[in-house]
Structures are given as structure tokens and as C-alpha cells.
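Below you'll find the structure, written out as C-alpha cells, and then a few comments.
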Amino acid sequence: MKKQKMPTPKAIWTNPLYFIAFGFGSGAMPFAPGTFGTLVAIPFYLLLRQLSLVPYLLFLVFFIAFCSWLCDRISRETHTHDHPGMCIDEFPGFFVTMIGAPHGWYWIILGFLLFRLFDIWKPWPIRFIDQKVHGGFGMVLDDVVAGIFAMVVIQLIATLV
């Protein structure tokens, strides 16, 4: 389901919560804001990958909760469900993709491509979640599930290599 083109709130440049919700400004891109949001997530992942698995997963759980709250709040304030430029939800999706991924740029690029593929294609149950689970949690959950799909593919490839 393609999201409609909507005006970007000017508040992303003046309100820190909007700035974060719109992917640190990447959501203001006139095309493919989700793709740009995922690109902006990569440097944050590079910082996070230094954590061992348990702290990484704990951070991820809290970050998913924060992103859900933030998406819900900004959606209510803008009276817009899942504004296409609000792409902070791409961050936890990409972070899930990279759980346990081997280190190296090849894996980051592969994770990026796989996550974007599943996030755009939205095979079942991702499309179902996107359409039926409402609020901030629903906005984040479809990306998290796309990340799980991408993570499984990365782990399968890593096992075969």
C-alpha cells in the first residue's frame, strides 16, 4: 500500500520530537523518505553493534516502545495516521534486521536491501499488520516484522557462507 504524498510539518525543524520522528530530518526528502530514513539508521547501528547481544536486545525493546509512543503522539498532533515522512519506525526495523549479523559493509548493505525489500513489498503478515494494527505500535510493528524477515534471510545466508 503506497502512502500518499503529504506536506511535511514545519515543526520537524523546530521541535526535537518531530525531528526525531521524521528520521532526524530524513523524512523531509521529497521521495523515498523510508529509504532515506533507513540510510540514516546505519550510523546509529554502527554505534549499537558494539554492544553484546543482551544489551542490544534490551535497547531494542525500549527503543521500539519509545518509537511507538513517539509515532502515536506525532500522528495525533498532526491528525495524520502514519505520515510517510515519519520514518523513525525504519530505525528499529533495520536494527532488528541486523541482530546477530556478521560485521562488515557487505552485511550492512545486504541488511539495508533486504529490509527495504520486505518493508516495501509487505508480504503476509506485514501487510496485515500495516492495515489492521493501529496507533504508534502498529506503525512500528510492521517495520519490526519486516526486519525479522530480513534478519532470517541474513542468518540463512551467513550460515551458508
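The values are calculated or read from the model by the stated rules, or taken from the named source; none is laboratory data. Quick caveat, the model's predicted, so the values are computed rather than measured. Note that each Cβ is placed from the backbone with ideal geometry, even for glycine, and that neighbours are counted across all protein chains shown. The protein model used for the area step is the full one, side chains on, heavy atoms only, and it has no ligands, DNA or RNA in it. Shrake-Rupley method; radii C 1.70, N 1.55, O 1.52, S 1.80 Å.
Structural remarks
- The single condition from (1) more than 13 Å from the chain's Cα centre (by Cα); (2) surrounded by 16 or more Cβ atoms within 10 Å (Cβ to Cβ); (3) modelled with pLDDT under 95 that His134 fails is (2).
- Residue match in the stretch 65-75 (condition: outside any helix (DSSP H, G or I), open to solvent by 30 Å² or more (accessible area, probe 1.4 Å) and modelled with pLDDT of 95 or more): no
- Trp124 fulfils the conditions (1) of a type outside the set (A, V, I, L, M); (2) in a helix (DSSP H, G or I); (3) out of contact with any Leu (no Cβ under 9 Å at 6 or more places or on another chain) except for a single criterion, (2).
- Scanning the stretch 130-143 for residues that are touching an Asp or Glu at 6+ places or on another chain (Cβ under 8 Å) and part of a helix (DSSP H, G or I) yields Asp130, Gly135, Gly136, Phe137, Gly138, Met139, Val140, Asp142, Asp143.
- Among the candidates Pro16, Pro43, Pro7, the residue that is over 25 Å from Ile108 (Cβ atoms) and either modelled with pLDDT of 95 or more or in contact with a Leu (Cβ under 9 Å, 6 or more places away or on another chain) (or both) is uniquely Pro16.
- Within the stretch 65-78, residues that are touching a residue at least 60 places away in the same chain (Cβ under 8 Å) and small (Gly, Ala, Ser) sit with their Cβ atoms under 9 Å from residues that are surrounded by fewer than 21 Cβ atoms within 10 Å (Cβ to Cβ) and part of a helix (DSSP H, G or I), at 6+ positions apart or across chains, in these pairs: Ser68/Gly135; Ser68/Phe137; Ser68/Gly138; Ser75/Gly135.
- Whichever residue in the stretch 72-131 is out of contact with any helix residue (DSSP H, G or I) (no Cβ under 7 Å at 6 or more places or on another chain) and among the β-branched types (Val, Ile, Thr) and, among such residues, is nearest to Leu39 (Cα to Cα): Ile109
- Applying the criterion of being touching a helix residue (DSSP H, G or I) at 6+ places or on another chain (Cβ under 7 Å) and not hydroxyl-bearing (Ser, Thr, Tyr) to the residues of the stretch 52-64, the residue that is surrounded by the most Cβ atoms within 10 Å (Cβ to Cβ) is Ile64.
- Among the residues listed as Leu57, Leu53, the single one being more than 22 Å from Gly138 (Cα to Cα) and among the aliphatic types (A, V, I, L, M): Leu53
- Exactly one residue out of Thr80, Thr97, Thr35 is of a type outside the set (A, V, I, L, M), open to solvent by less than 30 Å² (accessible area, probe 1.4 Å), within 11 Å of the chain's Cα centre (by Cα) and on the phi < 0 side of the Ramachandran plot: that is Thr97.
- Exclusive hit being more than 20 Å from Met6 (Cβ to Cβ), open to solvent by 40 Å² or more (accessible area, probe 1.4 Å), touching a residue at least 24 places away in the same chain (Cβ under 8 Å) and not polar (S, T, N, Q), set Leu117, Leu113: Leu117
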